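What follows is a single structure, written as structure tokens, with notes after it.
FYI, it's all coordinate maths here, none of it is from the lab. Fair warning: this is a prediction, and the values are worked out from it, not measured in the lab. Neighbour counts run over all protein chains shown; Cβ positions are idealised from the backbone, glycine included.
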Amino acid sequence: MAIPVKINVFEGPLDLLLHLIEKNKIDIYDIPIVEITDQYMEYLHSMEQEDLGTMSEFLVMAATLLDIKCKMLLPKEINEEGEEEDPREELVQKLLEYKMYKYMSYELKDYMDNATGVFYKSPSIPEEVLRYQEPVDPAELLAGLTLEHLNNIYQSVLKRQEAKIDPIRSKFGTIEKEEVSLSDKMLDMKSYAAEHSHFSFRQLLTRQSSRVQIIVTFLSILELMKMGYIQVEQDNLFDDIQVTVTQNPETWTHLTEFADE
């Protein structure tokens, strides 16, 4: 016997299944899959909708019910725990979740309907009330206050201020940028080369006082090599680099033309 309802009554296949279960007063944990499948299929035959998108959802559920129906006729499978698996278990979980969300939507709709009858009035406090300040009685405010109590309050405030001070960072001085000019460093190299015609690159770096000084010194060595004023040699990998002055430093020119970019 066909069910005299239309597709627009239900929001999907789960809604239809839930309707059939409630209509037949069936225990959702023990669904008679044969009876429900037959009623579901009868409903599909009576559908007047031709929307393929909507129909596909109901047909997928019909295939699922038929699959469960077939599994119910076969011997039950045993899981890893040695228990019999119920082919309806997954469908039951989906129905329970759908039922929960469906009734939650009813609750939200009731809240929304009730909210339409609620009105709020913006506060309208007179200005003289807003300006009113309760008078303070100094005698009452200072009642029971002693010098010892005041000292305790003062000491607690000092401790809170001390706790806010970082014991390490508070001792840091002002960090200032070290200005090192490449042209000045090359002039310094000229003076050094006038006294040392052959020197160790490592020893040259040990004379520098900071990392920036080392970097600029290295750059000045590269520039002097490119200009042909010096020559560097290294016998083996990781050995010290030996620097040899190839031209008289007195003839070194254009050193002050280099500017830091």
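With r defined as the distance between the Cβ atoms of S210 and H19 and R0 fixed at 51 Å, what FRET efficiency is calculated, to the nearest 0.05?
Values: r = 82 Å, r/R0 = 1.61.
After rounding to 0.05, the efficiency reads 0.05.
Taking a ≥ b ≥ c as the square roots of the eigenvalues of the alpha-carbon gyration tensor, the chain is classed oblate because a/c is 1.5 or more while a/b is no larger than b/c. Here the spin labels are modelled as points 7 Å beyond Cα on the Cα-Cβ line, and at S122 and S191 they lie 7.7 nm apart. With respect to the chain, whose longest principal axis is taken over its alpha-carbon atoms, helix 89-115 is tilted by about 90°. Note on Y103/L73: beta-carbon distance plugged into 1/(1 + (r/R0)^6) with R0 of 41 Å gives a FRET efficiency of 0.75.
Between L59 and T244, the modelled label-to-label distance comes to 9.1 nm, taking each label 7 Å out from Cα in the direction of the beta carbon. Secondary-structure-derived ellipticity at 222 nm for the chain, considering helices only, amounts to -17000 deg cm²/dmol, per-run term -39500 (n - 2.57) for DSSP H runs with n ≥ 4.
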